[in-house]
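Step one of this worksheet: look at the structure below.
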Amino acid sequence: MNTQLNQLINYKIFKGLTEENMELFKPLITIKEFSENNKIIEENETGDSLLFLLEGDISITKALTLPTAKDEQNDNSEKELIRLKAEYNIAMGELSLFSEDKKRTATVKALTKCKIGYLTSKDFFNVCNSNKNIGYIIVSNIANIVTENLIKSNRDVLKLTTAFSLVMSK
């Protein structure tokens, strides 16, 4: 078994689980390698797995415009939101586990050679459903992560709205 999977216990999503609990997940995680500049996730594609950055550096970007059916020429402008390193114990894709359309909310690109662990939603929910205490802990952790991200997004929108209002008032 890949020794990098032993580090999963340090990820926020698994906070509060024991090493024994983690043994339920490790055999279910497949590892894929990505070369520098390869896309790991594409914004708006369908996703059915949690991803764990095990090795390397990534960039997370979002489109600056909303897609419309009327647009013949799509604006592909993107904004880099953040750069992250494996040592930060990053899990991605939690929103697609719970959203109806299963769409990815950002693009993730490898900045260096990366190893990504994949846990399918089917395997994730099988473990959580057959181990209710573990499921409760993980879903609670995901709720905390999503809440933190929502609070940050709300602050960012407020800053943008304020800046836009200041520019428009001049």
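Taking the Cβ of residue 14 as the centre, find all other residues whose Cβ is under 15 Å away and add up their charges (Lys, Arg: +1; Asp, Glu: -1). My count for the surroundings of residue 14 gives -2.
Could you state the angle between the C-alpha long axis of helix 121-130 and the longest principal axis of the C-alpha atoms of the chain, as a value from 0 to 90 degrees rounded to the nearest 10? Taking Cα atoms only, the helix is inclined about 50 degrees.
Rounded to the nearest 0.05, what FRET efficiency do residue 64 and residue 36 give with R0 = 30 Å and r taken as the Cβ-Cβ distance? Could you check? The calculated FRET efficiency here is 0.80. Sequence-ordered 3J(HN,Hα) estimates for segment 16-29 from the Karplus curve with 6.51, -1.76 and 1.60 and θ = phi - 60° stand at x, 8, 8, 4, 4, 4, 5, 4, 6, 8, 3, x, 8, 9 Hz, glycine and proline given as x. Rounded to the nearest 10 degrees, the inclination of helix 132-168 to the longest alpha-carbon principal axis of the chain is 10 degrees.
Label separation (residue 77 vs residue 122): 4.2 nm, computed from points 7 Å beyond Cα along the C-beta direction.
When the Kirkwood radius is taken over all Cα pairs of the chain, what Stokes-Einstein diffusion coefficient follows at 10 °C and 1.306 mPa s, in µm²/s? For these conditions, the coefficient is 90 µm²/s.
Using Cα-Cα distances under 8 Å and only pairs 6 or more residues apart, what relative contact order does the chain have, in percent?
Values: 272 pairs, mean separation 54.8, N = 170.
Rounded, it is 32 percent for the chain.
Values quoted throughout were computed directly from the atomic coordinates according to the rules given, and no laboratory measurement underlies them. On a predicted model such as this, the values are computed, not experimentally measured, just so you know. Quick reminder, even Gly has a Cβ in these numbers, built from the backbone with ideal geometry, and neighbours come from all protein chains shown.
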